[in-house]
Structure formats: C-alpha cells, structure tokens
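The values are calculated or read from the model by the stated rules, or taken from the named source; none is laboratory data. Because the structure is predicted, anything quoted here is derived from the model rather than measured. As a convention, Cβ positions derive from the backbone with ideal geometry for all residues, glycine included, and neighbour counts pool all protein chains shown. In case anyone asks, the SASA skips ligands and DNA or RNA and just uses the protein heavy atoms, side chains included. Shrake-Rupley method; radii C 1.70, N 1.55, O 1.52, S 1.80 Å.
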Amino acid sequence: MAEAMRELQEIVDDLAELLGRPITVEDRRWRLVAYSAHHDGVDEVRRRSIMLRHSDRDVVTFLDSLHLDRAEDPVEVPANARLAMSPRTCVPLRHGDQLLGYLWVLGGDAAVGADARSSLVHLSATAAEALWARRQADDHHRSERATHLDDLLHGRNEDDAIEQLSAEAGWPRTGRFVAAVALGSEDLGEHARRRWGHGELLLGSWHGKLLVIGQLPSVTEPSVLATHMRDAGAEFAAAGPVFGSLAYLRDGANGAHVALFAARADPALGTATARDDIGAWGPIVELWLQADRPGPPPEITRLEAHRGGADLLEALEATLESGGDIAAAADALHMHRATLYRRIQRVRDLTGIDVHRGDDRLLAHLGLRMRRLSLLDHEIRDSGTLDTEHRTE
C-alpha cells in the first residue's frame, strides 16, 4: 500500500504543477487520501478536510445531493457560500464500474480549459489505478481486521487483536466504546462510517448481522450509534451497553443483539434502540435465547387457538400494559369498558389467568412476550435466514 500511496502523491503533485491549482484526492467515503502542497486558492472546506482528514457532515450532504457518484466525466461543482466552499472541478475515479473516490481541482475563477482538461482526464485515470492498488491492499487489511474482530468475539489472541484494532482506529486502549448491530449490508456500514462524527467506525459481523463498533464522547448515550445506523438506512439497529475496553466487545455485541431482537419483536421500542433502553425485554430475550427459543406457555397458546383469540390477546395485553387498570386499557383500545370486562372474564374462563393476581399477571406478561418472540422466530424461519440467527453464546 505504501508504494501505491507514493505513486498517487506523485500524480497529485504532477497534476498540481501542470494546472497551477491545488489538487485533492478523497476516497469514496470522502476521506482525504492525498493532496498537493499548493496554498493559493485553498478555501475553508479544503483546510478543514486536511485538518480532519475527511469532509465534515454538511459538506458531505451537499456533495451527495449532486450525485457525483453517477458522473462519468469531470463535473464543475458550483460555489457554496454557506459552506465557505469555492467552485471546483470533480473527477470521479473508477476502476471498471467501481467507484473508488474523487479527484478535486480547486482554485481559479474559470473552469479547467480544454487542453488542461485532457491532461486532467489522463492523469485522473492513472490516479484511479493507484487508488485501485491501494484498495487491494485495503482488502487485505479488512481481512486481517475481520480476523482480529473474530478473535475478540471468541476469546482468542485478545491482546494482539486489541493492539491491532486500536492502532487501526486510532483509539486508546481504554475509553467509552459501543457496539451496534443492524439489518443491512457492508455498503450500509460504509455509508454510516463516512457520516459518523466521532472518529472511526470498525465494521464486522455478529450473529449474521452488520456489526459496527465506535468510540463515544463523554456522556453520549449508546443509542446515538443505533440512531445513526437507522438514519444511514438500516431497517432496524440496536446498540449494546458502553464498555471500557475492546476486551469486552463480546458483551457489547451480545447486548446489541438482544436489543435488536427486542426491537423487532415489539414495534413500541422503535427501529433504533439500545440495550439500556429496552427495560424488561432485556432479561426476557436473554433467557429466551438461552432456553433455545421456547414457544409461549399453554395458557397463551390456548387463547391463540380460540376463534376470538386475537381479540382476547389484545384485551389481555392492553390490561397488563395499563397495570390492570380496566378503564385506562379500554380507553387505549377505544373500547367500552363492559366489552373489555367481558373479554378479560373470557380469558379467565379459558386459561385461569386472573389479572388481579400478581403471579398470574407475571405469567401472562411473560407469555405474551414469548409469543411475540416466537412469531418473530417463525418469520425468520419462513424468510430462509434462520442460519444467520444464532443463539447468544
């Protein structure tokens, strides 16, 4: 990779000298890869990208709106006064049909001339080849990273894995770390990674889900990472508890896995949540997974089998969620109290569950949540993705 980087820097310097303008190369995640030593024509956006090694979020949002990733030829990007961004020329860098990054020509009031444009296109193609060589080396590093993450998650070679991953991400050995799992592809992870405002994100896999690990600033809640993943396009995302060292990554990842299961089973939890925010769902999901995903107790299956089972289950759940307050439950269901009383009495006749007895309420509440989890489990089986849904180890 070092050789590819040297070649790319030489191309950038040659092009800057040829055009007499500052040149910058960023990867497809808007992270700075190389830049020329020019100082004239440098605007605030370039200064920040050099200082931060990536474009800030407002700049990325603006650039995304231009759909530069779809362009085949150089694009003249207009000035943006709000961002203190001067006009510039962008050349998407590709290897075949794969987008690798962007080459930027800054400075000057006029667009790049026709003669210079020809040189720009030629040298940009050479820069793309250098970026491709860099990407091949990156693929090797990704494979190594996956090995280190797998070692940490399964308790192997922990000291070496922590040292390597911390160095790659630029993290201290101890801090505030969080893991999140999400339903989505690695592309989703890359999309989220380039928009994460708190340093690097490491990507991996856990229980067949996209695993994302980040460092949190002080007092920031873990749910921030889950929300970030959801906003990046994940259908569901959940974060585990904060942990102080990568040695505890497994605990954090398991907590995220439990929270994701809960969120998928109960829509009230939302599509982005955290282990610390799911209440009683946490121990229930953990016990349910450890018990090999049992179905609900016979009292609940008896209600399911009844011809009016859906109405009875709804009545029982609403009554339990309201703490046994029939009036509040009836209001929540937009139902007359007398109707709800009759249904609760029918539940008692069929199952023996008396909502006025604590032990019965506990049995019913656990049973209803086990039912939700079992329905989710069947949905996973029916979708043919059961092999990605491992037990909590």
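Suppose every K and R has +1 on its Cβ and every D and E has -1 on its Cβ; what is the size of the dipole of the chain about the Cα centre, in Debye to the nearest 20? Please list the in-between numbers first.
Numbers: 45 positive and 63 negative charges, 226 e Å.
Dipole size: approximately 1080 debye.
In a GNM of the chain with a 10 Å cut-off on Cα contacts, which of Leu316, Leu376, Leu362 has the highest mean-square fluctuation?
Evaluated over the chain, the most mobile residue of the options is Leu362.
Over the range 46-193, what portion of Cα pair distances is larger than 19 Å, expressed as a whole percent?
Details: 7205 of 10878 pairs.
Tail of the P(r) past 19 Å holds 66 percent of the pairs.
How compact is the range 70-116 by the rule of thumb for globular proteins, expressed as Cα Rg over 2.2 N^0.38 Å?
Numbers: Rg = 12.0 Å, N = 47, 2.2 N^0.38 = 9.5 Å.
Rg over 2.2 N^0.38 Å, computed on Cα atoms: 1.26.
Per 0.36 nm of contour for each residue apart, how much would the distance between Ser143 and Glu200 grow if the chain were fully extended, relative to their Cα-Cα spacing? Write down the numbers at each step before the final one.
Working: separation 57, 0.36 × 57 = 20.52 nm, distance 1.74 nm.
So the chain would gain 18.8 nm between Ser143 and Glu200.
Per residue, how big is the convex hull around the C-alpha atoms of the chain? Give it to me in cubic angstrom, could you? Walk me through the intermediate numbers first.
On the way: hull volume 69.4 nm³, N = 393.
Output value, Cα hull per residue: 177 Å³.
In nm, to one decimal, how far is the Ala310 label point from the Ser119 one, both placed 7 Å along Cα→Cβ?
Result for the modelled spin labels: 7.2 nm.
One-quarter of the Cα convex hull surface for the range 221-362, in nm²?
On the way: hull surface 42.6 nm².
If I average the Cα hull's projected area over directions, I get 10.6 nm².
If you wrap a convex hull around the Cα atoms of the range 170-225, how much volume per residue is inside, in Å³? Before the final figure, lay out the partial values.
Details: hull volume 4.7 nm³, N = 56.
About 83 Å³ per residue, rounded to a whole number.
Scanning the chain for helices, which whole DSSP H stretches are 15 Å or more long along the axis (Cα) and average -1.0 or more by Kyte-Doolittle?
Details: long enough: 2-19 (26 Å, 0.12); 114-153 (55 Å, -0.64); 158-169 (16 Å, -0.67); 249-265 (24 Å, 0.32); 309-321 (18 Å, 0.42); 337-351 (21 Å, -0.94); 358-383 (38 Å, -0.54).
Answer set is 2-19, 114-153, 158-169, 249-265, 309-321, 337-351, 358-383.
Just to confirm, what accessible area per residue do you get for the chain at 1.4 Å probe, in whole Å²? Could you put the intermediate results ahead of the total?
Values: 18750 Å² over 393 residues.
Computed with neighbouring chains in place, this is 48 Å² per residue.
List every residue whose amide H lies under 5 Å from the amide H of Ala34, counting only residues 5 or more places away in sequence or on a different chain, with H placed 1.01 Å from N in the peptide plane.
Val25
Explain nothing, just the number: dipole magnitude of the range 195-265 about its Cα centre with +1 on each Lys and Arg Cβ and -1 on each Asp and Glu Cβ, in debye rounded to the nearest 20.
Working: 5 positive and 5 negative charges, 29 e Å.
Roughly 140 debye, rounded to the nearest 20.
Please express the Cα-Cα pair-distance distribution P(r) of the range 175-260 as a list of whole percents, one per 10 Å bin, running from 0 to the bin with the greatest distance.
Bin by bin from 0 Å, the calculated values are 21, 60, 19, 0.
From a point 7 Å beyond the Cα of Thr174 in the direction of its Cβ, which residues of the range 241-268 have a backbone N at a distance under 17 Å?
242-249
How many times 2.2 N^0.38 Å is the alpha carbon radius of gyration of the range 298-361? Can you show the working numbers first?
Values: Rg = 10.7 Å, N = 64, 2.2 N^0.38 = 10.7 Å.
Normalised Cα radius of gyration, the range 298-361: 1.00.
Quantify, in whole percent, the carbon and sulfur part of the accessible surface of the chain (1.4 Å probe; protein heavy atoms only). Each step should come with its number before you reach the end.
Details: 9140 of 18750 Å².
Exposed carbon and sulfur together represent 49 percent of the surface.
Tell me what the chain gives for mean residue ellipticity at 222 nm when only DSSP H runs of n ≥ 4 count, each as -39,500 (n - 2.57), the sum divided by the residue total, rounded to 500 deg cm²/dmol. Let's see the in-between values first.
On the way: 14 runs with 202 residues, N = 393.
Computed ellipticity for the chain at 222 nm equals -16500 deg cm²/dmol.
When the C-alpha atoms of the range 16-109 are aligned to their principal axes, what extent does each axis show, in angstrom, from largest down?
34, 30, 24
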